[in-house]
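Here the structure is laid out as structure tokens; the discussion comes afterwards.
Please treat every number below as a calculation from the coordinates, not as lab data. Since this is a predicted model, take the numbers as computed values, not measurements. Methodologically, a virtual Cβ is constructed for each residue, glycine included, from the backbone with ideal geometry; neighbour enumeration extends over all protein chains shown.
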Amino acid sequence: MEVRILPLGGMDFPKHRLVRCQDPEEMLFSLAWAVLIRHPTLGNVLYDTGHSPAFLQGEMQRVLYDYPVRGIVPIQKALAQVGLTPGDMDQLILSHLHFDHAGGLAAFAGTQAFRHVLVAEADLKQAWWSVTTGQKGPYIRSLFDLPGIRFETIRDTTWLAEDLGLFVQQAHTPGVLGMILKTQHHGTLLTTSDTLATAESYQHDLPPGTAAPAVEAAFHANRRRVQALAAEYQATLLFGHDAAQVQAWAGKGTLD
């Protein structure tokens, strides 16, 4: 198995939306990213797809206003930089269906991967509820309600291969897929996605500053579970929006 981290462009967030902090005006630059997995039995697998290129065309102004996006790298370009195209993918895994993780789905229309999109069942239900009841938020129907797409839902810990597992987290959304990757020379990698946005959030037990009590409780429970998984697998954690970490791991190139 070969693994590569693909940076896909960043957003400026008020930090307190992701990590509790003292200054409500403090900003945080966060990178969207994907994980490209070239697997001997599963084929080419992609975890997350980043932003929609529509942001570059001046569309989706509401989202741009709420979460200023800059420096987008469309998933097609990121794949091209390593000699691949969307048509080379065999399967997609989405941590969840928020716009900065599912925004590149349309690039895979008509491909093998478009018919094998894995997502947490609870998150898919939440996404449909959100967009069909007019809720304002980071689920955008036009990004995931696409002709010909086929979702395969995950309810609990699922091993796709002996070295690639998925686990469902009930924080940030009702279902966020984390991933366990057992590499030969770089140890086990464990992705948390946005349930733990940064190393600071994890190390200091800092939920989003805007979290309601129930959301905060879910954050703490999920953090304890991730701690246990990290100890069990002696894993390195890859956080959802830690720009410095994303850049460092992307700089390592191909991991095996």
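Leaving out same-chain residues fewer than 8 places away, which lysines sit with a Cα under 22 Å from that of residue 125?
Reachable lysines: 136.
Gap in Å between the Cα centre of region 94-121 and the Cα centre of region 153-174?
15 Å
How big is the antiparallel share of DSSP beta bridges in the chain, given as a percent to the nearest 5?
Rounded to the nearest five, the antiparallel share is 70 percent.
Using the Karplus equation 6.51 cos²θ - 1.76 cosθ + 1.60 (θ = phi - 60°), what ³J(HN,Hα) coupling, rounded to whole Hz, does each residue of region 224-230 give in order, writing x for Gly and Pro?
Values per residue, Gly and Pro as x: 4, 5, 5, 4, 5, 5, 4 Hz.
So for each of 96-106, 23-33, 1-11, 124-134 I average, over its residues, the number of other beta carbons within 10 Å; can you give me the resulting order with the highest mean first?
96-106, 1-11, 23-33, 124-134
Could you list 210, 183 so that the one with the fewest beta carbons within 10 Å of its beta carbon is first and the one with the most is last?
The most exposed by this proxy come first: 210, 183.
I'm spelling it out carefully: the read-out is P(r) over Cα pairs in 10 Å bins from 0, in percent, the candidates are [x] 7, 33, 40, 18, 2; [y] 7, 29, 33, 20, 9, 3, 0; [z] 8, 33, 37, 16, 4, 1, and one was derived from this structure. Which label?
Here the calculated entry is [x].
Return the calculated 222 nm mean residue ellipticity for the chain, to the nearest 500 deg cm²/dmol, obtained by summing -39500 (n - 2.57) across DSSP H runs with n ≥ 4 and dividing by the residue count.
Result for the chain: -7000 deg cm²/dmol, rounded to the nearest 500.
Taking a label point 7 Å from the Cα of residue 2 along the Cα→Cβ vector, which residues of region 23-39 have an amide N closer than 13 Å to it?
What the label zone holds, given the 13 Å backbone N cut-off, is 36-39.
Find the relative contact order for region 2-250 and round it to a whole percent, using C-alpha pairs within less than 8 Å whose residues are 6+ positions apart.
On the way: 515 pairs, mean separation 47.3, N = 249.
Contact order relative to length: 19 percent.
Given contacts defined as C-alpha pairs under 8 Å and at least six residues apart, what's the relative contact order of region 1-42, whole-number percent?
Details: 63 pairs, mean separation 22.6, N = 42.
It rounds to 54 percent for region 1-42.
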